[in-house]
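This report refers to the structure that appears directly beneath it.
The values are calculated or read from the model by the stated rules, or taken from the named source; none is laboratory data. As the structure is a prediction and not an experimental result, all values here were calculated from the model. Because the Cβ atoms are built from the backbone with ideal geometry, glycine has one as well, and the counts that use them run over all protein chains shown.
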Amino acid sequence: MSAKKIFAKAYIWILLIVLYSPIVFIAVCSFTEAKSLGNWTGFSLNLYKSLFTGGMQNSNALLSAVYNTLLIALIASIVATILGTIAAIGIFNLKGRKKQAIQFLNNIPMINPDIITGVSLFLLFVFLHISQGYLTVILAHITFCTPYVVLNVLPKLSQMNPNVYEAALDLGATPFQALRKVMIPALRPGMISGFILSFTMSLDDFAVTFFTRGTIGLDTLSTFIYTDARKGGLTPELRPLMTIIFLIILAVLLFINIRSSKNTQESK
Amino acid sequence: MSKRSSWALPYFIFLVLFVVMPLVLIVVYSFQDASGHFTFSNITKFFMDKDSLSTFALSIEVAIENTALCILIGYPAAYILADKSLNRSAVTVVLFIMPMWVNALMRTLATAELFNMAGITLGKGTLLFGMCYDYLPFMIYPIYNVLNKMDKSYAEAAEDLGAKPLEVFTKVTLPLSMPGVASGILMVFMPTVSTFAISEFLTNNKIKLFGTIIQENINNSMWNYGAALSLIMLIIIAITTVLQGKDNSEAAAGGAI
Amino acid sequence: MNETDKIIEVRHLSKSFSGKKVLEDINLYIRRGEFLTLLGPSGCGKTTMLRMIAGFLQPDEGSILLEGKELAGTPPHLRPLNTVFQRYALFPHLDVYDNIAFGLKLKKTPQEEIDKRVRRVLKLVSMSDYEDRDVETLSGGQQQRIAIARAIVNQPKVLLLDEPLAALDLKMRKDMQIELKEMHKKLGITFIYVTHDQEEALTLSDTIVVMNEGRIQQIGTPTDIYNEPVNSFVADFIGESNILNGTMICDRKVSFIGHDFDCVDEGFGEDNPVDVVVRPEDIYFVDKEKAQFSAKVKSCVFKGVHYEMFVDTDTGNELMIQDYDAFQPGTEVWLRIEPDDIQVMRKERTQNTFDGEVIDNETVRFLGGDFKCDASAYSSGDKVKVEVPFDKVDLLDNEEEGESYGNVIFILYKGDHYHLTIATPEGEKVWVDTNDIWDKNDQVGIHILPEDIHLRKAEGNE
């Protein structure tokens, strides 16, 4: 192995160790009972037990935060995928100024920092006298997720043979059948990656949720952690929760990657 | 097929309602007092207030430093990852992106706790380190993407024409990878300049950034002043985007998988 | 002919795209069981016409009748026609079987029936063992066969084929031509075939419709079209030809390349300018005493079966000749053209005519530019007809130096000069005779000297 290669490998692995140290730290600390992060009072699985049996003091709040996070992410990314796919088909068929205009608007939520998106939507809901809660959070999440769906579906449209849709009509499919049987399958990869992107962005969002959740006590995981940390001292059960979430993601991503690299090898 | 273009209409209405209108409202609220009358006082208040101005300057400074740090650390990483002779595994790339899937606040809290345990006082140093840690993947991925798709024959052509390895890099690879760096800057600078929770955690509330003041004003029902501060940030964003000059949205879109 | 023999009839069909006429007043009928080809260069409107028959485009004016019934208003999926697309348009997410069964499944055909019919068409296109294959793993030629199978399995009344062989290599194309012809015979379905390849059209068709710039130029059998082109465009587009300026002296006598020839054409008047077409294989090398004129061989190239030679005639015209015997460059040869082999065509136009407006005493605006000329006989604002001879239009390299500019869209070599068609950005056409060499799609400036511009009062309100 050349010196260059050794150096390169070392660089990458040091970076990875630094990147993962907080996560590993959380995972390690999930196996002790200590109240505050960083203390070690001996190995114990009690935090896992109390996470699942709801033995801690604000277990309901934590579990409902997890539930809200998943529900909001699911609804927002499903709606964003549908809205974004329809929009992408429309944008693809637009020309000139109109196309540029809508693509420009589509870029704004992606460039805007979360705080601007959050504050501006907060002002909108205040202005329209919409009481804030689930609905406003979901609408806000749809706002910043849909552009990513649009951008993931558009390339699939340009890769698609333009005659494929017409061929379906020609063979007797109604426009709706042609859409369902030919267009959607062709766009599916873009829709799926748009959906996954939306889902993860929604899961991870803090700022936008923070400004649009109102005062009804709606918490997602992010806002729960934020309030918890501001009160001083994190709920210990967050540690096993985060560890589990991380392991699930690790498993899913490794699975997807191994499968896709197998697929590319097979197609070669 | 021309009727298909009308499919963009629902989304267009959605964008007007949830993107354009809210931004217009930021402008409107910025120039109103609490009772809804037109005023410049929110803007002048910002420029008269030393604390706000210094926070603003500090936020820009931190954002620039963080972005520079991310490029310095991220570019070599992206370069190594994209170089087939140094790294062949796609999994390594995924490993760099994966921390993004773990709740950012949780990761930040753990980082701060690690600093505490190591006996490092929370302050600007830890803030920069922590933010760099949070945003590094956003810098690595777009650069990696561009480098990975780059036609290898450019570098070979340069070598063939007599360029030394370092010259190949400075005269061909680096200039050609600038679009990736540009979209990395966009993806790191914008969020850092506006960050709020992360900076509070990493400095134990010692250092306030611009995002925090916006949040405090909005939360304390000082909507008009909060809107004015947001407007100032919007202008910074507009300037950065225009300076960038290019549409990097597509490189950004591929950011996840 | 019997009305029921017409399977498709097109009446007064017109279509524009963003103000540009793509088809203008097309009238045409197609006989049941016929193999009809729409032939023309790209942009001539042939694909637009096919797409209107298929239902993907709506006509602006006119109607398309299928077995006497108006098709307008019937969406594509309800028309008993099927299309074979240029780039196949196979569904990438379905395998060969499901691609072919697509239409039958939509019609809720029973499964055994689908099985039977899919097998039958697969056999017809010689792809029997490919049922389960992923379409993207097939070669271009194989994909083409599946595309044809997918269309004919629905037993359409008419099969529309949009340049189906254009993406194949030469050898494959030749094989597929033969197979298509056999398939047409076997199936008895009417084929409407679109191509820009004249050889393909001549090989395959019962009837050829030659189109250019949105209009039908000629309809006829391959033999008619080849032997008796009606105008210089058709003559140039179909096969190789010498197209020359001539004068009809009287019936059965025409003058061109500086000599008088006997011909078989009548009714062109006396001393009228005409276009003359002579196919290169119809010029014969003869003994001096039988010859009509002499020439010197310039070049000689072997083309596989025959030799292709360019000669300069004693009067300075260039002719292309194809013959089984070779004559080396520099050789003096004696030539003869038989009356039967001379095709005389009326000239479509003898000079350029533009609509113009007088700006002042010495300026007229036409072709989107201001030209200097003597307009003292008119007052400003007058609408005029502007006449300019073909050989008085100067083309300039730098498009900004001329009063107007345009694109070279068509080039015709006429023995001793080129006849170009230039289109201005507004779509007006300028015809130019020149000795300079230009390429298709060149951007050129248009310059006309003041003394070459002739004005005439426009009639009526025009």
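For the reader, a short list of remarks on this structure follows.
- Every condition in (1) modelled with pLDDT of 90 or more; (2) crowded, with 19+ Cβ neighbours inside 10 Å is met by residue C:88 except one, and the failing one is (1).
- Selection from segment B:39-49 of residues that are farther than 20 Å from residue B:221 by Cβ and either over 26 Å from the mean Cα position of the chain (by Cα) or not in a helix (DSSP H, G or I) (or both): B:40, B:44, B:48
Each row is one residue, and each column tells you yes or no for (1) touching a His at 6+ places or on another chain (Cβ under 7 Å); (2) outside any loop (DSSP other than H, G, I, E, B); (3) modelled with pLDDT of 90 or more; (4) within 30 Å of residue B:3 (Cβ to Cβ).
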site: A:49; (1), (2), (3), (4): no, yes, no, no
site: A:69; (1), (2), (3), (4): no, yes, yes, no
site: A:80; (1), (2), (3), (4): no, yes, yes, yes
site: A:84; (1), (2), (3), (4): no, yes, yes, yes
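- Of all residues making up segment A:120-141, the number that are modelled with pLDDT of 90 or more and either buried (at least 24 other Cβ atoms within 10 Å of the Cβ) or over 19 Å from the mean Cα position of the chain (by Cα) (or both): 13
- Of the helices (runs of 4 or more DSSP H) lying entirely inside segment B:60-173, those containing at least 2 residues that are modelled with pLDDT under 90, crowded, with 21+ Cβ neighbours inside 10 Å and among the small types (Gly, Ala, Ser) span B:104-118.
- In segment C:58-89, the residues that are touching an Asp or Glu at 6+ places or on another chain (Cβ under 8 Å), closer than 30 Å to residue C:128 by Cβ and touching a residue at least 40 places away in the same chain (Cβ under 8 Å): C:81, C:82, C:83, C:84, C:85, C:86, C:89
- Enumeration of residues in segment A:200-240 that are surrounded by 19 or more Cβ atoms within 10 Å (Cβ to Cβ) and aliphatic (A, V, I, L, M): A:201, A:203, A:207, A:208, A:218, A:221, A:225, A:229, A:234, A:238
- Comparison of A:224, A:195, A:210, A:176 shows that the only residue that is hydrophobic (A, V, I, L, M, F, W, C), touching a residue at least 60 places away in the same chain (Cβ under 8 Å), within 11 Å of another protein chain (Cβ to nearest Cβ) and closer than 20 Å to residue A:87 by Cβ is A:195.
- Qualifying residue in segment B:29-38 (condition: within 7 Å of another protein chain (Cβ to nearest Cβ), assigned to a helix (DSSP H, G or I) and not β-branched (Val, Ile, Thr)): yes
- Among residues of segment A:97-142 being hydrophobic (A, V, I, L, M, F, W, C) and in a loop (DSSP other than H, G, I, E, B), the one that is farthest from residue A:65 (Cα to Cα) is A:128.
- Within segment A:242-265, restricting attention to residues that are more than 9 Å from chain B (Cβ to nearest Cβ) and either basic (Lys, Arg) or within 20 Å of residue A:52 (Cα to Cα) (or both), the residue that is nearest to the chain's Cα centre (by Cα) is A:248.
- For segment C:328-344, the criterion of being surrounded by fewer than 18 Cβ atoms within 10 Å (Cβ to Cβ), at pLDDT below 90 and at positive phi is met by none of the residues.
- From B:203, B:212, B:170, B:192, residue being among the polar types (S, T, N, Q), closer than 19 Å to residue B:60 by Cβ and either away from chain A (no Cβ under 11 Å) or in contact with a His (Cβ under 8 Å, 6 or more places away or on another chain) (or both): B:203
- Close pairs from segment A:4-33: first facing another protein chain (nearest Cβ under 7 Å) and free of Cβ contacts under 8 Å to residues at least 40 places away in the same chain, partner surrounded by 13 or more Cβ atoms within 10 Å (Cβ to Cβ) and of a type in the set (D, E, K, R), Cβ under 9 Å, at least 6 apart: A:8/B:83; A:22/B:107; A:22/B:113; A:25/B:113
- Condition check for residue B:230: within 12 Å of chain A (Cβ to nearest Cβ), part of a loop (DSSP other than H, G, I, E, B) and closer than 30 Å to residue B:38 by Cβ: no
- Residue count for segment C:127-154, restricted to those that are assigned to a loop (DSSP other than H, G, I, E, B), polar (S, T, N, Q) and touching a residue at least 24 places away in the same chain (Cβ under 8 Å): 1
- Residues (part of a loop (DSSP other than H, G, I, E, B), within 10 Å of another protein chain (Cβ to nearest Cβ) and out of contact with any Lys or Arg (no Cβ under 9 Å at 6 or more places or on another chain)) located in segment C:57-78: C:75
- Unmet criterion (only one of (1) among the β-branched types (Val, Ile, Thr); (2) at pLDDT 90 or above; (3) touching a Ser or Thr at 6+ places or on another chain (Cβ under 9 Å)) for residue B:28: (3)
- Condition check for residue A:69: surrounded by fewer than 20 Cβ atoms within 10 Å (Cβ to Cβ), closer than 30 Å to residue B:110 by Cα and more than 8 Å from chain B (Cβ to nearest Cβ): no
- Of A:154, A:187, all but one fail to be within 10 Å of another protein chain (Cβ to nearest Cβ) and of a type outside the set (Phe, Trp, Tyr); the exception is A:154.
- Cβ-Cβ under 7 Å pairs, at least 6 apart or on other chains, segment A:122-136 side closer than 9 Å to residue B:22 by Cβ, far side among the small types (Gly, Ala, Ser): A:123/B:227
- Unique match (being touching a residue at least 40 places away in the same chain (Cβ under 8 Å), at the interface with chain A (Cβ under 7 Å from one of its Cβ atoms) and not small (Gly, Ala, Ser)) among B:111, B:92: B:111
- Looking only at segment B:194-213, and only at residues there that are part of a loop (DSSP other than H, G, I, E, B) and in contact with a helix residue (DSSP H, G or I) (Cβ under 8 Å, 6 or more places away or on another chain), the one that is surrounded by the most Cβ atoms within 10 Å (Cβ to Cβ): B:195
- Residue A:145 falls short on exactly one of the conditions (1) more than 10 Å from every other protein chain (Cβ to nearest Cβ); (2) hydrophobic (A, V, I, L, M, F, W, C); (3) in a helix (DSSP H, G or I); (4) surrounded by fewer than 23 Cβ atoms within 10 Å (Cβ to Cβ), and that condition is (4).
- Scope segment C:327-355; condition more than 26 Å from residue C:383 (Cβ to Cβ) and either under 30 Å from the mean Cα position of the chain (by Cα) or of a type in the set (Lys, Arg) (or both); matching residues: C:336, C:337, C:338, C:339, C:340, C:341, C:342, C:343, C:344, C:345, C:346, C:347
- Whichever residue in segment B:1-40 is hydroxyl-bearing (Ser, Thr, Tyr) and under 25 Å from residue A:125 (Cβ atoms) and, among such residues, is surrounded by the fewest Cβ atoms within 10 Å (Cβ to Cβ): B:35
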